[in-house]
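Some notes on the structure that comes next.
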Amino acid sequence: MASNILMPKMGYDMEEGKLLRWLKQEGEPVNKGEPVAEIETDKVAIEIEAFASGVLAKILVGPGESAAVGAPIGVIGEPGEKVDTPSVQTAPPAPEPTAEPQGAPPPAMPKPSPSPAPPAVGSEQRIFASPLARRMASEQGIGLEQVQGSGPKGRIVKRDVETALEAASTRMGSMATSPEPLAMAPKVADASGRREPLSGMRRAIARRMSEAMAPIPHFYVTTAISMDAALALRTQINADLPKEDRISVNDLVVKACAVALRKHPSLNARWEEDAIFYPSEVAISVAVAIPDGLIAPDIHSADIKSLGAIGREIRDKATRAKSGQLSPDEYGRGTFTVSNLGMFGVEAFTAIVTPPQSAALAVGAVQPEAVVKEGALAVGQVMRVTVSADHRITDGAGSAQFAAEIKRLLENPLQLLI
């Protein structure tokens, strides 16, 4: 009996995945548990396994195309079994009223006759189209009814939208007097340059950051921390350790944040519209820059782990993040984020709170500055950190107290060893 291969949900905020390549071709045998395809989520590339044995009877989503979570991307069947293309049942059209009520608005204009494309799968236009093609068409102002599909059973794919855009571009001169010209992307003064399609990760970052800035009322608290004692302790700890086991300034910051969050749980909470949820665990998401953007692997129970354990875990996950080898359960479940740009010489900056978290810490560089010690000028090592917080959950005083606790711990770092 045929069974569908579905696009899996590999992360709580994943909405779609991109099919990178098929590891099997149509007609080839497949064993249960055997990898059959490689997909790209917002953050990583993952092999997906077959949930049944048989043959790969049908490929529904080709390499480079995207599909929504839960959508069928292929079919496994018995050898020789006839397999129909899966479809999603659409809601029947609403019945037209037999009489127009007095005072009602005028009836909607009749819809244009359908294009040569077949009826849709789960869309208002009732047109077969891949999620990527549908998004491209929407962004460029192209109506799908104007696009001729070249995919299986007339399905509109990416190349069809690109072809329609190219054809529309050549017709722009003659369409100047058309009553309903095809909407195109705005022209710029200099048309030279390079256009690079958005990666899944960059698209996810854009979506998540837009979601964060719009509804979350951010506010920021910055404090300067004397790092002389922390750097001295770090030097002492690392003196007899191999290079791969040495702790970093960021390890100290992550530990200090985790300990401080236990005293200030509102910075470790999340907004739930009708309540504020306080997790029982402290899990620090550590931002790591990778070629496609940014990923933040989680360090769970960081408040009770040693500095050495935190450092080893951060290095391991950062290394695997850069090669796309993190598993979905290793990121996206943190309760607080630390973002450190100090290694780039950045003195101070602000971070965006990542939903559903309530706060983040932006860490600047440790730099020599003129400071006052015992009433006299001296040179000290100073680091500035900025707390970004959700004003719906915490207030200025609470965030200031949290920043002060981080400052206290880093200026008295022996307490991080207890």
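The values are calculated or read from the model by the stated rules, or taken from the named source; none is laboratory data. Quick caveat: nothing in here was measured; it's all calculated off a predicted structure. Neighbour counts are summed over all protein chains in view; Cβ atoms, including those assigned to glycine, are modelled from backbone coordinates with ideal geometry. Accessible surface is based on the protein model in full, side chains and every heavy atom, while ligands, DNA and RNA are left aside. Shrake-Rupley method; radii C 1.70, N 1.55, O 1.52, S 1.80 Å.
Is there a residue in region 372-386 that is touching a helix residue (DSSP H, G or I) at 6+ places or on another chain (Cβ under 6 Å), part of a loop (DSSP other than H, G, I, E, B) and either crowded, with 21+ Cβ neighbours inside 10 Å or not polar (S, T, N, Q) (or both)?
The answer is no, given that none of the residues of region 372-386 is touching a helix residue (DSSP H, G or I) at 6+ places or on another chain (Cβ under 6 Å), part of a loop (DSSP other than H, G, I, E, B) and either crowded, with 21+ Cβ neighbours inside 10 Å or not polar (S, T, N, Q) (or both).
Kindly indicate the residue of region 282-312 that is charged (D, E, K, R) and under 27 Å from M201 (Cα atoms) and also least open to solvent (accessible area, probe 1.4 Å) among those meeting that condition. Steps first, please.
Going through region 282-312, the residues charged (D, E, K, R) turn out to be 292, 298, 303, 305, 312.
Next, from what is left, pick out any that are under 27 Å from M201 (Cα atoms): 292, 298, 312.
Working: D292: 78, D298: 0, R312: 121 Å².
The selected residue is D298.
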* Could you pull out every one of the strands (runs of 3 or more DSSP E) wholly within region 214-322 that has 2 or more residues that are at pLDDT 95 or above? => 218-226, 283-286, 298-300
* Structure fact -> Within region 271-289, residues being more than 18 Å from A389 (Cβ to Cβ) and in contact (Cβ under 8 Å) with a residue 40 or more places away in the chain number 2
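Would you tally the residues in region 387-403 being in a helix (DSSP H, G or I) and open to solvent by 50 Å² or more (accessible area, probe 1.4 Å)?
2
Residues to consider are L410, L414; find the one that is open to solvent by less than 10 Å² (accessible area, probe 1.4 Å) and in contact (Cβ under 8 Å) with a residue 12 or more places away in the chain.
Numbers: L414 fails: open to solvent by less than 10 Å² (accessible area, probe 1.4 Å).
Going through L410, L414 in turn, the sole match is L410.
Considering only region 14-30, how many residues are open to solvent by 50 Å² or more (accessible area, probe 1.4 Å) and either among the acidic types (D, E) or farther than 22 Å from S327 by Cβ (or both)? Step through it out loud before you land on a result.
Our first condition is that a residue be open to solvent by 50 Å² or more (accessible area, probe 1.4 Å); within region 14-30, this holds for 15, 18, 20-21, 23, 25-29.
Those left that are additionally either among the acidic types (D, E) or farther than 22 Å from S327 by Cβ (or both): 15, 25-29.
Matching residues across region 14-30 total 6.
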* Residue by residue through region 256-308, note down the ones that are polar (S, T, N, Q) and within 23 Å of P217 (Cα to Cα). => S266, N268, S285
* Can you name the condition, by its number, that P242 falls short on among (1) touching a residue at least 60 places away in the same chain (Cβ under 8 Å); (2) more than 30 Å from E369 (Cβ to Cβ)? -> (1)
* Asked: V366 versus (1) assigned to a strand (DSSP E or B); (2) touching a helix residue (DSSP H, G or I) at 6+ places or on another chain (Cβ under 8 Å); (3) under 17 Å from A260 (Cβ atoms): which is the lone unmet condition?
  -> (3)
* Asked: What are the residues in region 116-152 that are at pLDDT 65 or above, closer than 18 Å to A68 by Cβ and among the charged types (D, E, K, R), if any?
  -> R134, R135, E139
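Give the residue that is modelled with the highest pLDDT, with candidates limited to residues of region 31-45 that are out of contact with any Lys or Arg (no Cβ under 6 Å at 6 or more places or on another chain), open to solvent by less than 30 Å² (accessible area, probe 1.4 Å) and among the aliphatic types (A, V, I, L, M).
So in region 31-45, the residues out of contact with any Lys or Arg (no Cβ under 6 Å at 6 or more places or on another chain) come out as 31-35, 37, 39, 41-45.
Applying the additional criterion that residues be open to solvent by less than 30 Å² (accessible area, probe 1.4 Å) yields 37, 39, 41-42, 44.
Keeping just the survivors that are among the aliphatic types (A, V, I, L, M) gives 37, 39, 44.
Numbers: A37: 91, I39: 88, V44: 70.
Looking at the filtered set, the residue picked out is A37.
From the list F402, F336, exactly one residue is at pLDDT 95 or above, of a type in the set (F, W, Y) and more than 23 Å from the chain's Cα centre (by Cα). Which is it? Quick ask: steps written out before the conclusion?
Numbers: F336 fails: more than 23 Å from the chain's Cα centre (by Cα).
Unique residue meeting the criteria: F402.
Conditions (1) closer than 30 Å to K317 by Cβ; (2) of a type in the set (S, T, N, Q); (3) touching a Phe, Trp or Tyr at 6+ places or on another chain (Cβ under 7 Å); (4) without any contact (Cβ under 8 Å) to a residue 60 or more places away in the chain, marked per residue:
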{"residue": "N4", "(1), (2), (3), (4)": "no, yes, no, no"}
{"residue": "K9", "(1), (2), (3), (4)": "yes, no, no, no"}
{"residue": "R21", "(1), (2), (3), (4)": "yes, no, no, yes"}
{"residue": "P72", "(1), (2), (3), (4)": "no, no, no, no"}
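Is at least one residue of region 51-61 closer than 22 Å to R135 by Cβ, within 30 Å of the chain's Cα centre (by Cα), open to solvent by 40 Å² or more (accessible area, probe 1.4 Å) and modelled with pLDDT of 85 or more?
Restricting attention to region 51-61, the residues satisfying the condition of being closer than 22 Å to R135 by Cβ are 59-61.
Within this subset, residues satisfying the condition of being within 30 Å of the chain's Cα centre (by Cα) are 59-61.
Checking which are open to solvent by 40 Å² or more (accessible area, probe 1.4 Å) leaves us with none.
No: zero hits.
Considering only residues of region 323-332 that are open to solvent by 20 Å² or more (accessible area, probe 1.4 Å) and part of a loop (DSSP other than H, G, I, E, B), which is modelled with the highest pLDDT?
Initially, region 323-332 is screened for residues open to solvent by 20 Å² or more (accessible area, probe 1.4 Å), giving 323-325, 327-332.
From the residues that got through so far, the ones that are part of a loop (DSSP other than H, G, I, E, B) too are 323-325, 327, 332.
Numbers: S323: 83, G324: 80, Q325: 84, S327: 85, G332: 88.
The extreme case among them is G332.
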